[in-house]
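The block underneath contains the structure these notes are about, expressed in C-alpha cells.
Since every read-out is calculated from the coordinates, none of them should be taken as a lab result. All figures in this text were calculated on a predicted structure; none of them were measured in a lab. So basically every Cβ, Gly included, is an ideal-geometry build from the backbone, and we count neighbours across all protein chains shown.
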Amino acid sequence: MEESTENKERVDIYKILIVDDDVWFHKYFTKHLKSWGFEVISAYNPYEGISLAAKEYPKLIFLDYIMPEMNGDNVLKILKAVEQTKDIPVVFISGNLSADVIGAAYKIGAKGFLTKPVSLKVIYKKIEECLGSEVFAKLKLEHNPNDEPDFKVFNL
Amino acid sequence: MEKYASTDKQIIQDFLRTFKELCQNFENELDKVCAELLNQIKKMYDIENVAIFRKMPDTLDFELYKQLGDKNQNYWDNIYQAILDEGSIGNLLATCSMISTNLSEKSYLLSPLYGNKDFFGFILVEYNPKEIFDNSMFEDFLFICSNYLSHKISNLELTNKITELEQNMNLHIADRTISLVKTNQQLADKIRSLYKNLSMALPHEFRTPLNQILGNSDFLMKHYNTTEPNEAKEIISDIYVSCRRLQTLIEHYLVLSQLELIAINIEQLEEIRNARTESVETSIYNILSSKSDYELRYEDFKIELEDASIQMSENFFVILMTELIDNAVKYSDNGNPIIIKTKAEPDYLVLTVIDYGIGISPEDLKKIDAYTQFDRDKLEQQGLGLGLAIVYRIADITNSKIMIDSQVNDHTKIEIYIPLAKNL
C-alpha cells in the first residue's frame, strides 16, 4: 500500500496540464516539456481542462486566459471551488492583457502570468518557482540519459 | 582620363590653364623684383657686371637667370666655371654666407639667395675694389639686397603655393560635387521608377477584386427579395473572398514599398541588419497560432525545428515566414503535407518550407527574379503574387540566400539561408 502511494507521488511530479484552444501552442509546449521529462496532458477547451484536472491530479496547470465559451478566470474559479483541484497551482498564459485583468486573476488565486509568445527560459523559471528548484534535478536523474533532454538552451 | 565625363575634362583643363598662368605670374613677378634690385645696385655703385644665378630644379647646378649689363651668356658661364673650380660655390653652399674671391685681377662677391624652403641661387658681382669708396659698406649693401630678394622670393613662393592649393581644393570640390550630383540623380531615378512601378501596377490589381465586390453587392441590392438564401450566402462569401484578396494586396503593397524604400536608405539598412530574432522556434509557432487557416491544416504540417537566434529582425522574419506558409497552404490541397524545417549550420540557419501543390514553373521563377529588378509593371498584369517578391526583397536586405526547387503540379521547396545572430 505504501509503495503504491509513493509511486503515485513520483508520477504526479511530472504531470503538467495544458488548457488552450491553440493547437500550435500545444505542439510547441508539449515538445519542450516532454524533452525535459514531464508528462503532458492536453486539453483543448475549458470543460475538457476542468475534467482532466479533476481526473489526473496534475502538479501544475498552464491555462489560456482567452478561450471560446469560458474564459480562464472562470475556469480558475471552478478549479478553486473543487476540493480535488483547489491546491493545484495555475499559471495563465495569454496575449497582452490589461493590468486590472491580471490583478483580478491574482486575487482569485493565479500563480502567475506568462505572455505569449513565451520563451522557454521563462517557462523553465516558472515551473521551478511552482514546483521547487529541485524538480529539474530529479528529472535529470530519472530521465533516460540516452534521450538527452533539451537543457542546453539555458546555458545552465 | 577616361573615367571623367566631358564636364570633368573641362574642369581639369581649366585648372591646368590657371596653373600655367599662375607659374607665369610667379616668373613675371620674380623677374620684376630682380630687375628692380639690379637697378638699385647700379644706381648706388655704378657697377655694370651684376648677375643673378638660379639653382636648377632637382640638381645642384646653377645657371644665369638675369644680368644687369649686356654681356653674353658665355661671359658669365666662364666666370661661373672659374668660380666653381676655385671652390667658392662650394663654400657658398656650405656656409650660406657672403663669399668674396679674386680671379685674374678681378674681384667677385657672391651673396646667397634663399627661397621659402630651398636654396634659390646667388647674386654675383664683378667689381674693382679700388673704384669702391667703402668696401665693407658695399658688402653690407649687397647683403641687405640679397636678403631683400630672398624675402621677396619666399613670399612669392608662398603665394604661389597657396593659390595652387586653392586651385587643387576647388578641383576636388568640383569633383566631389559631380559625384554627389550623380548619386542624387541615381537616387531620384530609382525613386521615380519605384513610383512608376507602384502606380502602374496598383490600379490593375485592385480593379479585379473591387469589380467583383461591386458587382456582387449590386446584384444583391437589386434582387434582395428574389434571391434564394443559399444563393445569397454564396454571393456574400464571394464578396468576402474578394475583400480578403484586396486586403492581402494592400498589405503586400505597403510592405513591398516600405522594403523598397528601406533598401535605398543606408542608415535604416544598417539598423535593420543589426536587429535579431531571438528564438526562431517561438516565432514560427507564434505565426502558426496567429491564423485560423493554418489550424484547418494542422494534421498536414510536419514541423521539425531546431531553435536558434538569427540576424534578422523579428518583424521581417514574421513577414517572410507568413508569406512562405501562406503560399504553401494556398497552393496545396488539404491532405498534402507541408514541411517546415529549421537547421542550424555553422554560419546559417537553413529554413526549409516544402509543399506538394501546384508548384512554380521555371518561367515564373525567372519572373520573380526579374521582378525584384523593378519590372513590376509587366509582371503584375500576369497576376503573379507579390508574396515571393517580398520574400526575395527581405532576403536581399538581410543578406540571406534563397534557393527554390520546384516542379509544376508536384512540389515547391524553398530553402532560405539566414545568417545566425552574431554573438553579443
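Between B:Asp61, B:Asp307, B:Asp333, where does the largest GNM mean-square fluctuation fall for chain B, given springs only between Cα atoms within less than 10 Å?
Checking each option, the largest mean-square fluctuation is seen for B:Asp61.
Bin width 5 Å, origin at 0, all Cα-Cα pairs of the range B:275-419: what percent of pairs per bin?
P(r) for the range B:275-419, in whole percents per bin: 2, 10, 19, 23, 21, 15, 8, 2, 0.
Within chain B, what is the longest stretch that has no chymotrypsin sites (Phe, Trp or Tyr not before Pro) placed in a DSSP loop and near at most 14 other beta-carbon atoms within 10 Å?
Numbers: sites that count: B:Tyr4, B:Phe133, B:Tyr224, B:Tyr298, B:Phe374.
Result for the longest clean stretch: B:5-132.
Please list the helices of chain B that count as membrane-span-like by this rule: a mean Kyte-Doolittle hydropathy of at least 0.0 together with Cα atoms stretching 27 Å or more along the helix axis, each helix being a complete DSSP H run.
Details: long enough: B:6-45 (59 Å, -0.57); B:135-222 (127 Å, -0.28); B:229-263 (50 Å, 0.24).
Counting only whole DSSP H runs, the qualifying helices are B:229-263.
Can you list the HN-Hα couplings for the range A:27-38, worked out from phi with the Karplus curve (6.51, -1.76, 1.60; θ = phi - 60°), rounded to whole Hz and with x for Gly and Pro?
Rounded to whole hertz, the list is 4, 5, 5, 4, 3, 6, 4, 5, 5, 8, x, 7.
Taking a cut-off of 16 Å between Cα atoms, list the aspartates and glutamates near B:Lys291, but don't count ones fewer than 8 places away on the same chain.
Excluding near neighbours in sequence, the set is A:Asp20, A:Asp21, A:Asp22, B:Glu251, B:Glu299, B:Asp300, B:Glu323, B:Asp326.
For the protein assembly as shown, list log₁₀ I(q)/I(0) at each q in 0.05, 0.10, 0.11 Å⁻¹, using the Debye formula over Cα point scatterers of equal strength and ignoring solvent, two decimals each.
Per q value, in the given order, log10 I(q)/I(0) is -0.51, -1.00, -1.13.
Could you compute Rg(Cα) / (2.2 N^0.38 Å) for the range B:6-178, with N its residue count? The partial results should precede the final answer.
On the way: Rg = 19.6 Å, N = 173, 2.2 N^0.38 = 15.6 Å.
The range B:6-178 yields a ratio of 1.26.
Give the cross-link partners of B:Lys130 among the aspartates and glutamates, using a straight C-alpha distance below 16 Å as the criterion and excluding same-chain residues fewer than 8 apart.
Cross-link targets: B:Asp46, B:Glu48, B:Glu105, B:Glu139.
Longest segment of chain B with no GluC sites (Glu not before Pro) in a DSSP loop having at most 16 other Cβ atoms within 10 Å?
Numbers: sites that count: B:Glu2, B:Glu48, B:Glu105, B:Glu278, B:Glu299, B:Glu306.
For GluC sites (Glu not before Pro) (loop position, at most 16 other Cβ atoms within 10 Å), the longest site-free span of chain B is B:106-277.
I'd like the FRET efficiency for B:Glu363 and B:Lys413, computed as 1/(1 + (r/R0)^6) with the beta carbon distance as r and R0 of 25 Å, rounded to 0.05. Intermediate values should be presented prior to the final figure.
Working: r = 18 Å, r/R0 = 0.72.
That gives a FRET efficiency of 0.90.
With r defined as the distance between the Cβ atoms of B:Asn184 and B:Ile236 and R0 fixed at 60 Å, what FRET efficiency is calculated, to the nearest 0.05?
Values: r = 52 Å, r/R0 = 0.87.
About 0.70, to the nearest 0.05.
Can you list residues from other chains, or at least 5 along the same chain, whose modelled amide H is less than 5 Å from the amide H of B:Phe301?
Those lying under 5 Å, H to H, from B:Phe301 are B:Ile338.
I'd like the FRET efficiency for B:Leu214 and B:Arg244, computed as 1/(1 + (r/R0)^6) with the beta carbon distance as r and R0 of 22 Å, rounded to 0.05. Write out the running numbers ahead of the final one.
Details: r = 16 Å, r/R0 = 0.72.
Given R0 = 22 Å and the Cβ-Cβ separation, E is 0.90.
In nm, to one decimal, how far is the modelled label at A:Leu97 from the one at B:Thr352, with both set 7 Å along Cα→Cβ?
In this crude label model, A:Leu97 to B:Thr352 measures out at 4.0 nm.
Enumerate the calculated ³J(HN,Hα) couplings along the range A:50-67 in order (Karplus 6.51 cos²θ - 1.76 cosθ + 1.60, θ = phi - 60°), each rounded to whole Hz, writing x wherever the residue is Gly or Pro.
5, 5, 5, 4, 6, 7, 9, 6, x, 7, 8, 10, 9, 10, 6, 6, 9, 9
A:Leu114's amide H: which non-local residues (gap 5+, or another chain) put their own amide H closer than 5 Å, with H modeled 1.01 Å from N in plane and none for Pro or chain starts?
Counting only residues 5 or more places away or on other chains, the set is A:Phe92, A:Ile93, A:Ser94.
For the cross-link pairs A:Lys86/B:Lys341; B:Lys66/B:Lys106; A:Lys86/B:Lys302, which exceed 30 Å when the distance is taken from alpha carbon to alpha carbon? Before the final figure, lay out the partial values.
Details: A:Lys86/B:Lys341 41 Å; B:Lys66/B:Lys106 21 Å; A:Lys86/B:Lys302 38 Å.
The pairs that break the limit, which is 30 Å between Cα atoms, are A:Lys86/B:Lys341; A:Lys86/B:Lys302.
How big is the gap, in Å, between the Cα center of the range B:242-257 and the Cα center of the range A:35-99?
39 Å
Starting from the Cα gyration tensor of the range A:67-119, multiply each eigenvalue by 5, take the square root, and state the resulting semi-axes largest first in whole Å.
Details: eigenvalues 73, 28, 25 Å².
Equivalent ellipsoid of the range A:67-119: 19, 12, 11 Å, largest first.
Suppose we take every Cα in the range B:23-125 and form the convex hull; what volume per residue is that in Å³?
Working: hull volume 11.8 nm³, N = 103.
Expressed per residue, the convex hull around the Cα atoms of the range B:23-125 is 115 Å³.
What number do you get for chain B when its Cα radius of gyration is normalised by 2.2 N^0.38 Å, N = residues?
Values: Rg = 43.3 Å, N = 424, 2.2 N^0.38 = 21.9 Å.
For chain B, the normalised Cα radius of gyration comes out at 1.98.
Given the options B:Gly335, B:Gly90, B:Gly387, which has the most mean-square fluctuation in a GNM of chain B, springs set between C-alpha atoms less than 10 angstrom apart?
B:Gly90
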